[in-house]
Amino acid sequence: MEVLENCQIILEAGKTTTEKALQLFDALETVNLDFMLGRWQGSGLHTAHPMDGLLEASNWYGKEFINPETVHPLLFLNPQGEIIKVAPQPLAMKWALNMPGIKSDFMKPFLGLTSTLLKTEESQARLRMMDYRGQVSATMIYDYLPINDTFRKVDDNTVLGVMDFKESPQPFFFVLKRDSAE
């Protein structure tokens, strides 16, 4: 019960330290592949990671898991408010880690345009059960990036995700809530 109370406090605040986020992640229940199926709305959990705020600045919507072989890891809202699927780009990941100004209000229109230009209907990831931090849980593996996103259960409609990016020593945390409009 204490884990869930701490979890709610951290998630409501929307920020914490990397150490506390890892402690919370490790205390949460693992999830299987079927649990992750469907469309999820996302938000960042800020831990002083270089990517904190980037997804929100670019109108990130979340992720969609059709089946273990068909995953859309990046859903964004276009200027008309429609959900679009976007192909992840290795160069964009490098920029996100090395250019803190990319999250500024000035760059928001550019980020939105970029998302629209990278629109795709092709699956860009897979879902597998993998060991991360000593527990086996559902993990999304990007097709073209050295990134794994592992998920742990907060409740029946919420997961805490951690992005393990080979080029970043610090994990990036985010929250997914099951899309009720689906």
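The values are calculated or read from the model by the stated rules, or taken from the named source; none is laboratory data. Predicted, not measured: the structure shown is a model, and the values here were computed from it. We place every Cβ from the backbone using ideal geometry, glycine too, and count neighbours over all the protein chains shown. In case anyone asks, the SASA skips ligands and DNA or RNA and just uses the protein heavy atoms, side chains included. Shrake-Rupley method; radii C 1.70, N 1.55, O 1.52, S 1.80 Å.
Read through the list (1) more than 27 Å from Glu5 (Cβ to Cβ); (2) in contact with a helix residue (DSSP H, G or I) (Cβ under 8 Å, 6 or more places away or on another chain); (3) surrounded by fewer than 20 Cβ atoms within 10 Å (Cβ to Cβ), then give the number of the only condition that Ile147 fails.
For Ile147, the failing item is (3).
When you scan segment 133-144, how many residues do you find that are within 17 Å of Val175 (Cβ to Cβ) and surrounded by fewer than 22 Cβ atoms within 10 Å (Cβ to Cβ)? Reasoning before the result, please.
Step one: of segment 133-144, the residues within 17 Å of Val175 (Cβ to Cβ) are 137-140.
Now restrict to residues that are surrounded by fewer than 22 Cβ atoms within 10 Å (Cβ to Cβ): none.
Looking only at that region, the number is 0.
Given the options Phe65, Phe35, Phe25, name the one that is surrounded by 21 or more Cβ atoms within 10 Å (Cβ to Cβ), closer than 23 Å to Gly134 by Cα and either of a type in the set (Phe, Trp, Tyr) or touching a residue at least 12 places away in the same chain (Cβ under 8 Å) (or both).
Working: Phe65 fails: closer than 23 Å to Gly134 by Cα; Phe35 fails: surrounded by 21 or more Cβ atoms within 10 Å (Cβ to Cβ).
Exactly one of Phe65, Phe35, Phe25 is surrounded by 21 or more Cβ atoms within 10 Å (Cβ to Cβ), closer than 23 Å to Gly134 by Cα and either of a type in the set (Phe, Trp, Tyr) or touching a residue at least 12 places away in the same chain (Cβ under 8 Å) (or both), namely Phe25.
Just the residues that are assigned to a strand (DSSP E or B) and either over 12 Å from the mean Cα position of the chain (by Cα) or crowded, with 22+ Cβ neighbours inside 10 Å (or both), please, taken from segment 68-78. Walk me through it before giving the result.
Residues of segment 68-78 assigned to a strand (DSSP E or B): 70-77.
Of everything in segment 68-78, those that are assigned to a strand (DSSP E or B) and either over 12 Å from the mean Cα position of the chain (by Cα) or crowded, with 22+ Cβ neighbours inside 10 Å (or both) turn out to be Thr70, Val71, His72, Pro73, Leu74, Phe76, Leu77.
Residue pairs, Cβ under 9 Å, 6 or more apart or interchain, first in segment 127-150 and farther than 18 Å from Leu176 by Cα and among the acidic types (Asp, Glu), second part of a strand (DSSP E or B) and open to solvent by 40 Å² or more (accessible area, probe 1.4 Å). List them.
Cβ pairs passing all conditions: Asp143/Arg126.
Is there any pair linking a residue in segment 7-19 that is at negative phi and aliphatic (A, V, I, L, M) to one that is assigned to a helix (DSSP H, G or I) and open to solvent by 40 Å² or more (accessible area, probe 1.4 Å), with Cβ under 7 Å and at least six apart or on different chains, and which?
Ile10/Lys20
So which residues in segment 118-131 are in contact with an Asp or Glu (Cβ under 7 Å, 6 or more places away or on another chain) and not in a loop (DSSP other than H, G, I, E, B)?
Of everything in segment 118-131, those that are in contact with an Asp or Glu (Cβ under 7 Å, 6 or more places away or on another chain) and not in a loop (DSSP other than H, G, I, E, B) turn out to be Ala125, Arg126.
Criterion first (modelled with pLDDT of 95 or more, over 19 Å from Thr30 (Cβ atoms) and surrounded by fewer than 17 Cβ atoms within 10 Å (Cβ to Cβ)) does Thr120 satisfy it?
Details: modelled with pLDDT of 95 or more: no; over 19 Å from Thr30 (Cβ atoms): yes; surrounded by fewer than 17 Cβ atoms within 10 Å (Cβ to Cβ): yes.
So Thr120 does not fit the description; no.
Name the single residue, out of those in segment 23-51 being over 19 Å from Asn148 (Cβ atoms) and within 11 Å of the chain's Cα centre (by Cα), that is modelled with the lowest pLDDT.
Ser43
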